[in-house]
Amino acid sequence: MTAQYLPVLMITLGALGFMAVMLGINSLLGTKRKHEQMPKIMLEPFECGSPPLQTDNRRRTAVKYYLVAILFVMFDLETVLLYPWAVLYKELGLFGLVELLVFMISLVVGLAYAWRKGALEWR
Amino acid sequence: MIPSMDFGLMVPELLLIAAGIVVLLADAFLPREAGKDDPRGDVNDPRGINLGITLVGLLAAGAFIAFGRGDVTGAQETFEGLFIVDRFGDAFKMVALLGTILGVLLSDGWLRNQRLPTGAFYALILFATTGMLYLLSATDMVMVFVGLELMSIPLYCLAAALRWEDRSVEAGVKYLVLGSFATAVMLMGFALLYGFVGIYTGEATTRLDAVVTAVNAASAAGELPGFALLGGVLAMIGLLFKMSAVPFHMWTPDVYEGSPTSITAWMSVSVKAVTAAVLLRIFGGEVLDALHLEGILWVVAALTMFLGNTMALTQDNVKRMLAYSSVAHGGYMLVGVLAASSAGSAAVLFYAAAYTFGNMAAFAVLIYLSRVGYEVETFDDLKGLGTKMPLVGAVMGISMLSLMGIPPLAGFFGKFAIFRAAVTEGYVWLTVIGLLTSAISVAYYLRPIVVMFMSDAPAGTAKATGQAWTVRVALVAAVLVTVGLGLMPGGTLDWALESAQALVAGR
């Protein structure tokens, strides 16, 4: 039973070995200097071309985006339920129709509440 | 294939959902006069329409459970065994609904003080109550999960209801993060148990009775695998978290302190009662021993009683003190869960009822004494108020004595029933620990009484006036029931025993 997992073990060993070899060769062949003694070029990002931009990439997003996103998720989930219902429409018959209507109505109630409370206004 | 469905058994839950939706619609569509005295520009509910719909929904659900079930005595199943109606679940549903009604009445006064909009608040309370009721009817692991989430998610929002106050938001976020994590742990446990049942019986099912039967059979045959044991522990951890049992209690004081006082009061009683009932339904009986959980639960119960009571000693904030006291009371209920005989289950039910009313009375006093822009929270805030308002002070006194377990109040008979059942089942040392920690609790329960009656009020303290009638009703009702259950416990104890026998018979 465990024999079928042998390739996983081999890949794991291979990956670890490759890593060890690459790092090992580097530390064997490379010159060792203290951080302060390095020329400036050695402190640049390795082989990446340009130095990284020194701008702060964290920006705050207005909360109104989240509101819209949540309303979107609501209808996204509705679609998730609509597809299987549509596929099984004939078999479920009237029962399925009523069930789905109950679901849709409660969804519309939620939308109506959000609309009346001003969640759809972009301010 | 369409499953068999009997919506008649689900009427209380459906009534609550309908009430929640109607509250939302009424809140959004009925014309309202914008409150002139409203500094935050929120539209309040001057005519109490939202409160009215909420109370009607809760009372209708309670009335249906009390009178609308017909003469069926045994358990009734529907939705392919996902949903069960029995006396045990119905009894706990009544306790949870009564706690919720008191919580709503208290919330009304608090919401008026804080000038908060009421619609969404009440709708969330109704939806969380629906979750509690589904949880009490759950006989399937999936149903337990859905019920638990339906109960918890509105509670996360309600904890953060004061959204401009750091403490309240902190309470909400803490509860959300830790609560979700606990639910995930529980789900992992359910998944492992599900896998075990599938492998052991050859038929994959999430039904609790099938899981219990399989675990018992495997344990008797000595074939219970380790991962099933792990599943049992993980499933229990999720529930113990909701019950804030030590060592899963860390969130309790912060969340209880930051949440709106009325929500704290409601969470501390109803969530605890419901969780204890679910623990009894899933882990009551020999399955607890089969899963090797008995020793674990013993230690958890002892630690919970001890730490809850000792940590409460050092608190200066009354809400934090009551939070640790609720941890301790959860510990006493766990003793009853361990002694899961019909007497033990009945004791948990009676204890939950007694604790609901006794604790609600204490929180009602805090809300009664709070005014616009002034929350009574620390012991210093209570100074001398008992001599100024003897009746309110008396209510606080009765509530504290009941929580201590002094006869002839409700709390005494609750503790008595639990410890008697525990001794009968052979948990003598646990009972000794329970009694000793009860003695510790006297110290901090006496503190509000001492502060209210034996110290002078700071200059300029006025009597609390102009409280909404709802707060007065909740205050009087809670204290009357606490005294009434203490003076005449017989009928309620019999009722609890009958309900518990329904559970034990179904095992």
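The values are calculated or read from the model by the stated rules, or taken from the named source; none is laboratory data. If you're wondering where the values come from, they're calculated on a predicted model, not measured in any experiment. Glycine gets a Cβ as well: all are built from the backbone with ideal geometry, and neighbour counts include every protein chain shown.
Output the residue which, of all residues in region B:294-327 that are charged (D, E, K, R) and in a helix (DSSP H, G or I), is surrounded by the most Cβ atoms within 10 Å (Cβ to Cβ).
Applying the first criterion (charged (D, E, K, R)) to region B:294-327 yields B:294, B:316, B:319-320.
Those still in the list that are in a helix (DSSP H, G or I) too: B:294, B:319-320.
Working: B:E294: 14, B:K319: 23, B:R320: 20.
Per the criteria, the residue is B:K319.
Can you name the residue in region B:28-41 that is exposed (fewer than 15 other Cβ atoms within 10 Å of the Cβ) and within 11 Å of chain A (Cβ to nearest Cβ) and is also modelled with the lowest pLDDT among such residues? Quick ask: steps written out before the conclusion?
Within region B:28-41, the subset exposed (fewer than 15 other Cβ atoms within 10 Å of the Cβ) is B:29-31, B:33-34, B:36-41.
Now restrict to residues that are within 11 Å of chain A (Cβ to nearest Cβ): B:29-30.
Details: B:F29: 83, B:L30: 77.
Looking at residues that are exposed (fewer than 15 other Cβ atoms within 10 Å of the Cβ) and within 11 Å of chain A (Cβ to nearest Cβ), I get B:L30.
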Against the conditions (1) in a helix (DSSP H, G or I); (2) within 11 Å of another protein chain (Cβ to nearest Cβ), where does A:K90 fall short? Just the number, please. (2)
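Between B:E170, B:E165, which is farther than 18 Å from B:L240 by Cα and surrounded by fewer than 16 Cβ atoms within 10 Å (Cβ to Cβ)? Step through it out loud before you land on a result.
Details: B:E170 fails: surrounded by fewer than 16 Cβ atoms within 10 Å (Cβ to Cβ).
Just a single option satisfies the conditions, and that option is B:E165.
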Conditions first: (1) at pLDDT 85 or above; (2) within 14 Å of another protein chain (Cβ to nearest Cβ); (3) surrounded by fewer than 18 Cβ atoms within 10 Å (Cβ to Cβ). B:G52 passes all but one, so which condition is the exception? (2)
When region A:87-100 is checked residue by residue, the ones that are exposed (fewer than 11 other Cβ atoms within 10 Å of the Cβ) and of a type in the set (A, V, I, L, M) are A:V87, A:L94
All but one of (1) surrounded by fewer than 16 Cβ atoms within 10 Å (Cβ to Cβ); (2) within 18 Å of B:G285 (Cα to Cα) hold for B:G195, so report the exception by its number. (2)
State which residue pairs qualify: first residue within 13 Å of another protein chain (Cβ to nearest Cβ) and over 22 Å from B:I53 (Cα atoms) and inside region B:1-27, second residue assigned to a loop (DSSP other than H, G, I, E, B) and not acidic (D, E) in any location, beta carbons under 8 Å apart, and separation of 6 or more residues or different chains. B:P3/B:F79; B:S4/B:F79; B:M5/B:F79
Which condition does B:V146 not pass, out of (1) within 18 Å of the chain's Cα centre (by Cα); (2) within 21 Å of B:A123 (Cα to Cα); (3) crowded, with 18+ Cβ neighbours inside 10 Å, if it passes all the others? (3)
Across region B:390-430, what is the number of residues that are surrounded by fewer than 19 Cβ atoms within 10 Å (Cβ to Cβ) and over 19 Å from B:M360 (Cα atoms)? 8
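Applying the selection to region A:58-79, what residues are without any contact (Cβ under 8 Å) to a residue 12 or more places away in the chain, under 20 Å from A:M104 (Cα atoms) and surrounded by 10 or more Cβ atoms within 10 Å (Cβ to Cβ)? Please lay out each step first, then the result.
Taking region A:58-79 first, the residues without any contact (Cβ under 8 Å) to a residue 12 or more places away in the chain are A:58-63, A:65-66, A:68-70, A:72-73, A:76-77, A:79.
Retained after the next criterion (residues that are under 20 Å from A:M104 (Cα atoms)): A:68-70, A:72-73, A:76-77, A:79.
Once the filter is applied, which keeps residues that are without any contact (Cβ under 8 Å) to a residue 12 or more places away in the chain, under 20 Å from A:M104 (Cα atoms) and surrounded by 10 or more Cβ atoms within 10 Å (Cβ to Cβ), region A:58-79 yields A:V68, A:A69, A:I70, A:F72, A:V73, A:D76, A:L77.
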With (1) over 17 Å from the mean Cα position of the chain (by Cα); (2) buried (at least 16 other Cβ atoms within 10 Å of the Cβ) as the list, and B:A184 as the residue in question, which single condition is left unmet? (2)
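The rows are residues; the columns are (1) closer than 21 Å to B:S262 by Cα; (2) in a helix (DSSP H, G or I).
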site: B:V335; (1), (2): no, yes
site: B:I367; (1), (2): yes, yes
site: B:S402; (1), (2): yes, yes
site: B:P407; (1), (2): no, no
site: B:K415; (1), (2): no, yes
Identity of the residue in region A:100-123, assigned to a helix (DSSP H, G or I) and of a type in the set (F, W, Y), that ends up nearest to the other protein chains (Cβ to nearest Cβ): A:Y113
